[in-house]
Structures are given as C-alpha cells and as structure tokens.
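The values are calculated or read from the model by the stated rules, or taken from the named source; none is laboratory data. It should be emphasised that the depicted structure is a prediction, and the values quoted were computed from it without experimental measurement. Backbone-built Cβ (ideal geometry, glycine too); neighbour counts: all protein chains shown. These accessible areas exclude ligands, DNA and RNA; they are computed on the full protein's heavy atoms, side chains included. Shrake-Rupley method; radii C 1.70, N 1.55, O 1.52, S 1.80 Å.
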Amino acid sequence: MKVIQKMSICLLLVLLQSAFTASAQDSKDSKDSLKTTTKDWVEQRNFVFVAQTAVPMGKPTRQLTSEYTLTVSGDTIDCYLPYYGRSYSAPINSEGGIKFKTTDAGFTISPKKKDGWDVLIKPKEVQDVQELRLGVYSNGSATLQVSSTNRQLITFNGYVRQPQSRKKK
C-alpha cells in the first residue's frame, strides 16, 4: 500500500512539473510573438497608441475614462488626445485638447538600448505641436510625450495595438 502511495505522489509531481514547464514555454512563446508583432507594427508605421493615463507637468496623474488615441497609418498621423495643464496663450478657434490629422510629418524610429523602440514624430503642418516622442516596449506598453509651442509638456501612458479594420457597408 505504501509503495502505491509513493508511486502516486511521484507520478503527481512529474505531471505537475511537466504542466509548469509547458506553461512557461507557452508564456515565453507568447512574449516572443508579442515582441515580433509590436516590432512589425512600429516598423511598418501601422499602429494605434491608446492613452490610459495623462501626466501633466506639476499636476497629479489623471486616469482617462474615454478612448484617446494617436493613430499612425503610413504617412498619416491622426491625434485625438486630451490636454490638462498650463497654456501660455489660448488659440482663437480651439476645440481644446490635442487634435489634428496630418500627412506631412518627420518620422524617426530608433531601437532602445534594452527593449523597444523610440519613435519621434514632428508634424510640419500643425502649428501648436512641436513633436511627439513615443517610447514603445516589446510587451506593447508605451509612453507618449507631447511638446507644444504654447502649452506645457504632457505625458501619456498606455499601450499600442493594431488598428482595427473598418468594415465595409
């Protein structure tokens, strides 16, 4: 009877060990897949940055409850972000926030030293926004800094995802 109990325990330990090993391998495979996917999105200039928090200079972090995005699709950059912070001058016809769409922008992608990519976007047609600095990591998380001419710097934390395809009617 004791022999059967000992063999049952050994068998159980072997099964648990193989399950944990398979789970760790699956986790490693999914991380490698995510890294490759994120890299492809960034290099092909085809991704959406989704902001989850806004960090204005000298102010507390704000959780964003609506979906605010920066969409990069080839040469087109579509920005729809909120703004919290100090403005040095108010534009006459402003809707508020950081909202623009342009096809004329400087675009530089460089790998980070350890993990991820730095993306520098300098829109040429947009008067108030000087540059957008996007740090993308291989796990999909990202940080965006927006430098403006008439506003304080603001940082957004979030993630990148693939653009959703539009359904034809």
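So for segment 52-169, taking the charge dipole from beta-carbon charges (+1 Lys/Arg, -1 Asp/Glu), which of 139, 54, 156 sits furthest toward the positive end?
139
How do 121-133, 102-114 rank on mean C-beta neighbours within 10 Å, highest first?
Values: 121-133: 16.9, 102-114: 11.8.
Ranked by mean Cβ neighbours within 10 Å, highest first: 121-133, 102-114.
Sequence gap of 8 or more, or different chains, plus Cα separation below 18 Å: how many lysine pairs satisfy both in segment 49-169? Could you put the intermediate results ahead of the total?
Working: 99/122; 99/124; 101/122; 101/124.
So the count works out to 4.
Compute, for residue 62, the solvent-accessible surface of its heavy atoms (probe 1.4 Å) with the complete set of protein chains present, and express it in square angstrom to the nearest 10.
110 Å²
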